[in-house]
Amino acid sequence: VKDKFQAVWVSHSSISDFLACPRAYFLNNVYKDPATGNKIGIITPPLAMGQVVHDVLESLSLKPAQERFIKPLAYALELSWKKIHGLLGGFSDEATEQEYKETALQLLEKVEQDPGPLKELAVKIKDNLPNYWLSQEEEIILCGRIDWLWYKPDTDSVTIIDFKTGKYQEHEGSLQLPIYYLLASNCQNRPVVGAYYWYLRENAGLTELQLPNLEDAHKAVLEVARKIKLARKLNRMKCPQNGCRACTPLERIIAGEGTFVGTNDMRKDMYILKKVDNSTVVLH
Ligand code: SF4
């Protein structure tokens, strides 16, 4: 059995970083602050709000189906919001924070009004970070959290649901669905029979997705993972041009321009950036 700690771990976000650019991958997934030994990241209001909405919804799957909506989700939001209050969530002032909190509440109220599959049985993968050997021989592990696995007792099967809190649709050609399909198929025992994105800002409900062929998904993800492994081995993670907007925020953090706000549960030191006029930069 190979040592998981020696393996290269890949996820949807690290693969997306790598496909965007090698330096972006390095900054987000490899670089460690020599002072703390931790990786670094940036927190912004949309990211913080998205995390909290996900937390509230995902935690529902730990409750029996009939008890999930007894208490308004506003209570859970209030509790979870403490983790991102003020600078922790990148909020530069109270008014901005209130605006984002209001949006989060609206998204959760929409789910309460029409919870669909969230009222039904769910399967929870016990691992905090589900993972499996994408290739044991090549020492590559695929990891990632799946928002919700809807259990269908008549077929003893599961369906993937991914909550979307952002304004944009997942782009075509994204490896997110293949990655979630692989994780769901390899980190629990029931067959995976379907997948949906749930764009919470829209009133369209669930968007059904066509599951890819599992073997094709494995090949596509392994192909990128191999490139990542090679780039790490050869330390070939340089910017192919002279920088661009995408990496500037993390470069500025490394240059000491950020304000440290805390270390998250993935042991990433989180920062916010300030503009020259001293207001917080909203990056997305
Ligand atoms: S600065 Fe831009 S071009 Fe350079 S690695 Fe980052 S994303 Fe790529």
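The values are calculated or read from the model by the stated rules, or taken from the named source; none is laboratory data. Note that the coordinates shown come from a computational prediction; the quantities given were computed from them, not determined experimentally. Quick reminder, even Gly has a Cβ in these numbers, built from the backbone with ideal geometry, and neighbours come from all protein chains shown. Please note that ligands, DNA and RNA were not included when accessible areas were found on the heavy atoms of the full protein model with its side chains. Shrake-Rupley method; radii C 1.70, N 1.55, O 1.52, S 1.80 Å.
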Across the range 20-38, which residue is farthest from the ligand (Cβ to nearest atom) among those that are more than 14 Å from K238 (Cβ to Cβ) and within 16 Å of the chain's Cα centre (by Cα)? N29
Condition (residue is open to solvent by less than 70 Å² (accessible area, probe 1.4 Å), outside any helix (DSSP H, G or I) and touching a strand residue (DSSP E or B) at 6+ places or on another chain (Cβ under 9 Å)) applied to the range 18-26: is it met by at least one residue? no
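Would you confirm whether or not the range 108-115 contains a residue that is open to solvent by less than 40 Å² (accessible area, probe 1.4 Å), part of a helix (DSSP H, G or I), touching a strand residue (DSSP E or B) at 6+ places or on another chain (Cβ under 8 Å) and of a type outside the set (S, T, Y)? Walk me through how you get there before you give the answer.
First, pick out the residues of the range 108-115 that are open to solvent by less than 40 Å² (accessible area, probe 1.4 Å): 108, 111, 115.
So of that shortlist, the ones also part of a helix (DSSP H, G or I) come out as 108, 111.
After this cut, where a residue has to be touching a strand residue (DSSP E or B) at 6+ places or on another chain (Cβ under 8 Å) as well, the list is none.
No, the range 108-115 has no match at all.
What about K126, is it more than 20 Å from the chain's Cα centre (by Cα), farther than 25 Å from A220 by Cβ and surrounded by fewer than 20 Cβ atoms within 10 Å (Cβ to Cβ)?
No, not satisfied.
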Open to solvent by 10 Å² or more (accessible area, probe 1.4 Å), in contact with a strand residue (DSSP E or B) (Cβ under 8 Å, 6 or more places away or on another chain) and not in a strand (DSSP E or B): does that describe L57? no
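Just checking, does the range 143-154 include any residue being open to solvent by 50 Å² or more (accessible area, probe 1.4 Å) and part of a strand (DSSP E or B)? Working first, answer last.
Step one: list which residues in the range 143-154 are open to solvent by 50 Å² or more (accessible area, probe 1.4 Å), which gives 145, 152-154.
Going one step further and asking which of them are part of a strand (DSSP E or B), we end up with 152.
Checked against the condition, which is being open to solvent by 50 Å² or more (accessible area, probe 1.4 Å) and part of a strand (DSSP E or B), the range 143-154 yields at least one hit.
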Filter result (within 11 Å of A122 (Cα to Cα), in contact (Cβ under 8 Å) with a residue 40 or more places away in the chain and over 21 Å from the mean Cα position of the chain (by Cα)) within the range 59-79: A65
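Anything in the range 250-273 that is more than 19 Å from the chain's Cα centre (by Cα) and either touching a residue at least 24 places away in the same chain (Cβ under 8 Å) or within 26 Å of C143 (Cα to Cα) (or both)? List them, or say none.
Going through the range 250-273, the residues more than 19 Å from the chain's Cα centre (by Cα) turn out to be 251-261, 273.
Matches in the range 250-273: E251, I253, I254, G258, T259, V261, L273.
Okay, residues lined up against (1) among the polar types (S, T, N, Q); (2) in contact with a Leu (Cβ under 9 Å, 6 or more places away or on another chain); (3) closer than 21 Å to M270 by Cβ:
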site: S13; (1), (2), (3): yes, no, yes
site: F26; (1), (2), (3): no, no, yes
site: N38; (1), (2), (3): yes, no, yes
site: L47; (1), (2), (3): no, yes, yes
site: Q51; (1), (2), (3): yes, no, yes
site: H54; (1), (2), (3): no, no, yes
site: L60; (1), (2), (3): no, yes, no
